[in-house]
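Each remark here refers to the structure printed beneath this line.
The values are calculated or read from the model by the stated rules, or taken from the named source; none is laboratory data. All values derive from a computational prediction rather than experimental measurement. Please note: Cβ atoms are built from the backbone with ideal geometry, for glycine as well, and neighbour counts cover all protein chains shown. All accessible areas refer to the heavy atoms of the entire protein, side chains included, with ligands and DNA or RNA removed. Shrake-Rupley method; radii C 1.70, N 1.55, O 1.52, S 1.80 Å.
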Amino acid sequence: MKQLVLLTICVLALMPLEVLSNDTKGLTIEKSFLQSVHDCAEYLQVPKHRLVQYLAYEFPPDEETKCLIFCVGTDLRWWNNTCGLQVPAIMNYFQPVLGDRQYEKRTSECLERNVHTAELPNNCCQAYETFQCYFREFGNLVTCPQYVPATKLQATQAALDCLTVLRVPTDLLQCYSKGDLPDVPETRCLYHCIDHRTGLYTTESGIHLSRFYVRDLEVNDLRYLSKETKACRDRVRMSGCDVCSEVYNTHRDCLTGIGVDGYTSGIIAEASRIALTNLGVCCEDKQVLPLSVEVVAAEVVKEVEEEEGYSYASYQPVVPRVAFPPILPKPTLPVHVVKCTSPTCSHRPPVCSTCGSVPKVVPVETLYPAVRRTGPFEKTVNPQPMVYPELPLPCTKPAPVSISHKINKPATALSALPARSYAQRSPYPSFHRTCKAEHFGRSF
């Protein structure tokens, strides 16, 4: 039986790393304790017989073993040289015994006695004594792979990859770099991409609150695991919204104020500044000042030097070698003086020799407009001016007409006379019959 156990340990020691880890997506890391021991043995070049001893869960208190445990703690994120022990991360790899209610108290007393008050020479010793307290007092060591939280550098790289994949426009990158994250579809899908890439969200299970608890290991906020937070997450997931809105709404409605404040928004801002730097776009808006003649001349000289070769005396004032065309004054056109001359009047109609009256132009539309029909229901008036001389005023007082004066009427009946043309008809009323007769030299 003992030979079978040793054979199994040897097989595990020689087993490829891929077999000891789960198939993960993106930057998500899931690693078992034994896989981390195997990796650290490769890093530190530990002999094979010592590796077999470690895979049998035997960790003697020698310097080589202590540094191996320090490497495992750093690899699995439960040890930090700055902060020391990270409780949420190390609790992933230990399972308390069922029914044991004193494991937390015993572990705290062990840490206080062997780590906090003891004078340990280096970090390897501190990490080793911390691991021994959890290994002896907290519970059994978990052998299956567990979630390893990403560092802020890895999370920032994941956010930068998401900004590139989602092709976030430059104007939004500038907003993100200033810490302003507007509620737009691009921002919602960015949250989904980051959480999915770092293993905090999966399509099958949604938001993993236990992984958020491990991610914010610096604060050890147990509210991630509370019933209220789980109920809020489930309510958002059952609302029927899309995956981008599900992740964003969970962050906004359920995780605000829990853990590290502004963790996701902080890595988005940092990744946006890196993206703008890679694109050659300044993060802050600068006031564009108008270029002066000296600045333009210096730029021209710089371009000429780049074409001809760099000068060692470029730090000295350089006289521009490019002659600018002179600014000529605008040509002045001669001013032509136009002299106004009195218009030459045409020959006026002769006045009446007897009374001095002048013929008057009377528009025909005033008296008899000419009507032209263009359709069955339309008509157009085309005025045709006609000249009618005014009647001459009598120079002498006309002789009174006697009552006995008789007008010679034609003997022929009016109905027998031929019809006169329109132009031959008289435009004057009947009371001017005498004047008309005298003017045209005929009587009726």
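Below are the figures for this structure:
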| quantity | calculated |
| --- | --- |
| Region 124-206: trypsin sites (Lys or Arg not before Pro) in DSSP coil with no more than 11 other Cβ atoms inside 10 Å | R167 |
| Projected label distance in nm at L153 and E119, using a 7 Å step from Cα toward the beta-carbon | 3.4 nm |
| Carbon/sulfur fraction of accessible area - region 50-128, other protein chains in place, 1.4 Å, % | 50 percent |
| Region 47-130: GluC sites (Glu not before Pro) falling in loop per DSSP and having at most 16 other Cβ within 10 Å | E58, E119 |
| With all protein chains modelled, accessible area of V165 [1.4 Å, Å²] | 110 Å² |
| 1.4 Å probe accessible area per residue over region 169-260, in Å² | 48 Å² |
